[in-house]
1. Assuming R0 = 22 Å, what is the FRET efficiency of Arg81 and Ser33, from their Cβ-Cβ distance, to the nearest 0.05?
2. Name the residue from Ser82, Val59, Ser96 whose Cα lies farthest towards the positive end of the charge dipole of the stretch 56-104, charges +1 on Cβ of Lys and Arg and -1 on Cβ of Asp and Glu.
3. Against the empirical 2.2 N^0.38 Å scaling, what ratio does the C-alpha Rg of the chain come to?
4. Using only the heavy atoms of the protein chains and a 1.4 Å probe, how would His12, His39 rank by accessible area, largest first?
Amino acid sequence: MFCIVPFQAIPHRKFSAKVPIDGGNTLLGFRMSYNDLAHYWLVDIYRNGALVYAGLPLVPGQNILGQVGYLGIGSAWIVPRSRAREQWPSETTLESDWYIIWGDSDGGDK
């Protein structure tokens with residue numbers, strides 16, 4: 001199962017969302033930041049108030065959680081809403097031009 005997580009282009013924003021992971025709903029916390037020098041978004045991920053991943057870059061084209069499957073926080077992709085004008089979400093286009101899709105740990109491979 002997959003869902004769209006409501007990320008917004010607001011630096012230092014903290015929010016929580018229930019995401020479907022492996023047949024259950026898991027409440028995850030998120031903290032957004034934008035790297036002005038490199039021009040990309042980063043997200044910190046929390047579970048039960050504890051930091052489980054810091055500084056995850058929101059880069060499209062791959063399962064951004066693929067290398068950390070052992071954390072049990074599912075899989076996630078950054079995909080364009082329509083024809084993308086940029087290679088990855090900018091400071092202003094994260095919520096208008098991109099979706100963050102969250103799903104099961106197997107990444108939809110089954």
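1. Plugging the Cβ-Cβ distance into 1/(1 + (r/R0)^6) gives 0.50.
2. Positive-most Cα among the choices belongs to Ser82.
3. 1.00
4. His12, His39
The values are calculated or read from the model by the stated rules, or taken from the named source; none is laboratory data. Since this is a predicted model, take the numbers as computed values, not measurements. Glycine gets a Cβ as well: all are built from the backbone with ideal geometry, and neighbour counts include every protein chain shown. Side chains included, ligands, DNA and RNA excluded: accessible areas come from the protein's heavy atoms. Shrake-Rupley method; radii C 1.70, N 1.55, O 1.52, S 1.80 Å.
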